[in-house]
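First up is the structure itself, then whatever we jot down about it.
Here, each number is a calculation from the coordinates, and none is a lab measurement. Worth saying up front: this structure is predicted, and the values here are computed from it rather than measured. Here the Cβ positions follow ideal geometry from the backbone for every residue, glycine too, while neighbour counts run over all protein chains shown.
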Amino acid sequence: MEYVKIPNIFKREEYGSNKLIEGKFSTPELKYLANAQWVWTEKVDGTNIRVMWDGHSVTFGGRTDKAQIPAHLVNKLNELFGGTNKEEIFEQHFGDVSVILFGEGYGEKIQKGGGLYGPVNFILFDVFINGVWLKREAIEEIACAFNIGVVPIVGEGSLNQAVEEIRKHPKSQLRDAELEGFVCRPACELLDRMGNRIIVKIKCRDF
């Protein structure tokens, strides 16, 4: 299973500058829910990583099965999730049930400017098990068990409030620079009519 591609908040001009068309939401669901309560987490500038437990062993993958993971990041993932002790933690939490921990590999030599985050690392943002996306509280509990970080919550409010906050180019909680952007989810997890999660990104560079 690959992580969902997160849509931008607004549509883009199709010609010329390709700038966002503010106010023209990229999906009808976003327009309908624009004034609802959303939770904003920091968007990390790295590479999407899947940590997959099949009930017996753990494997790693990028956003797609064809994605290549840098060697120094693989070493870090093995440090965080490999070995007998970590295998026992997976067993204690999930038994023989398959689970995917979704996170971001970030830091030195990961994306341009990755060194601003410091040494290479992994941060958790979602957990999928038995066809269900776990709530934030459960994600934090799992992160604590493996002694890893969780993407920080940076605010709550409507999508318009999130845009206004992004305009200020707030500072990242993870690096000594402005944050890349927000990933916003409804305070109550929702799906669209096709069964896809309702989730959206807002990038500082677009504003």
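Just add up the charged neighbours of Val58: K/R +1, D/E -1, any other residue whose Cβ is under 12 Å from the Cβ of Val58. Mind dumping the intermediate values first?
On the way: positive: Arg50, Lys86; negative: Asp54, Glu87, Glu88, Glu91.
Combined, the nearby Lys, Arg, Asp and Glu give -2.
Could you point to the residue in Ile21, Thr64, Gln37 farthest towards the positive end of the chain's charge dipole, with +1 and -1 charges on the Cβ of Lys/Arg and Asp/Glu respectively?
Ile21
Roughly how far apart, in whole Å, are the Cα centres of region 52-85 and region 108-165?
Rounded to whole Å, the Cα centres lie 17 Å apart.
Could you tell me the extents of the chain's C-alpha atoms along the three principal axes, largest first, rounded to whole Å?
52, 38, 30
If you look at just the Cα atoms of region 1-114, how large are its Rg and its Dmax in Å?
18.4, 55
Set the bar at 31 Å for Cα to Cα. Now go through Lys109/Lys171; Lys19/Lys76; Lys76/Lys201 and name every pair that lies beyond it. Please list the in-between numbers first.
Numbers: Lys109/Lys171 21 Å; Lys19/Lys76 37 Å; Lys76/Lys201 27 Å.
Too far apart for the 31 Å limit: Lys19/Lys76.
With the Cα gyration tensor of region 107-164 giving a ≥ b ≥ c as the square roots of its eigenvalues, does the rule (a/c under 1.5 for rounded; else a/b larger than b/c for prolate; else oblate) give rounded, prolate or oblate? Kindly include the intermediate steps, with their values, before the conclusion.
On the way: a/c = 2.18, a/b = 1.10, b/c = 1.98.
The shape class here is oblate.
Can you give the direction-averaged projected area of the convex hull of the alpha-carbon atoms in region 47-150, in nm²?
Numbers: hull surface 25.6 nm².
For region 47-150, averaging the hull's shadow over all directions gives 6.4 nm².
When only alpha-carbon atoms are used, what values of Rg and Dmax, in angstrom, describe region 1-53?
Final numbers for Rg and Dmax: 14.6, 45 Å.
At q = 0.13, 0.20, 0.28 Å⁻¹, what is the log10 ratio I(q)/I(0) for region 51-100, with the Debye formula run over Cα points and no solvent?
-0.31, -0.69, -1.07
In a shell of Cβ-Cβ distance under 11 Å around Lys171, excluding Lys171 itself, what net charge do Lys and Arg (+1) and Asp and Glu (-1) give?
On the way: positive: Lys168, Arg175; negative: Glu42, Asp176, Glu178.
That sum, taken over residues with Cβ under 11 Å, equals -1.
Which entries in the list Lys43/Lys66; Lys5/Lys135; Lys31/Lys168; Lys31/Lys203; Lys31/Lys112 go over 27 Å, if you measure between the two C-alpha atoms of each?
Values: Lys43/Lys66 23 Å; Lys5/Lys135 19 Å; Lys31/Lys168 23 Å; Lys31/Lys203 18 Å; Lys31/Lys112 33 Å.
Checking Cα-Cα distances, Lys31/Lys112 exceed 27 Å.
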